[in-house]
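This report refers to the structure that appears directly beneath it.
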Amino acid sequence: MADTKFEEASRCPKCNQPGQVSAQGKVLRHGAGELKTVYCRNSRCEWLDTSWIVQINADGTIPEPTLDRDKSFPTLPDRTNAVQAQMQRLYDQTLTPGSETH
């Protein structure tokens, strides 16, 4: 018998054994669905006690995983020079007689 989409999504990504669903599910806002936390309980698997999340939409469907999309994290500014200058100022202050560090 073929797995349902939920049974397929709740299989461990490493050992492909069925995972154990935690007792609590998180309901998404305004009827958007539910998130279930699933744990691998296979003692021979390197993911033993590791969890992953399965989203269940309000209509009972499970969305396809989007693992190969581009990340959308903002670019952080490079503050290396500013931090190094601040560290140098603090270092110089510790060597100057009578000065205080804040």
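The values are calculated or read from the model by the stated rules, or taken from the named source; none is laboratory data. Keep in mind it's a predicted model, so treat the numbers as computed, not measured. Every residue, glycine among them, receives a Cβ derived from its backbone with ideal geometry; neighbour counts consider all protein chains shown.
Could you say which residue among 61, 37 is over 20 Å from the mean Cα position of the chain (by Cα), among the β-branched types (Val, Ile, Thr), at pLDDT 80 or above and surrounded by 10 or more Cβ atoms within 10 Å (Cβ to Cβ)?
Values: 37 fails: over 20 Å from the mean Cα position of the chain (by Cα).
When all the criteria are applied, what remains is 61.
In the list 93, 84, 88, which residue meets the criterion of being surrounded by 12 or more Cβ atoms within 10 Å (Cβ to Cβ) and at pLDDT 80 or above? First the steps, then the outcome.
Details: 84 fails: surrounded by 12 or more Cβ atoms within 10 Å (Cβ to Cβ); 88 fails: surrounded by 12 or more Cβ atoms within 10 Å (Cβ to Cβ).
Of the residues listed, the single one that is surrounded by 12 or more Cβ atoms within 10 Å (Cβ to Cβ) and at pLDDT 80 or above is 93.
Can you say whether residue 46 is more than 17 Å from the chain's Cα centre (by Cα) and surrounded by 10 or more Cβ atoms within 10 Å (Cβ to Cβ), as far as the supplied structure shows? Step through it out loud before you land on a result.
On the way: more than 17 Å from the chain's Cα centre (by Cα): yes; surrounded by 10 or more Cβ atoms within 10 Å (Cβ to Cβ): yes.
Criteria met by residue 46.
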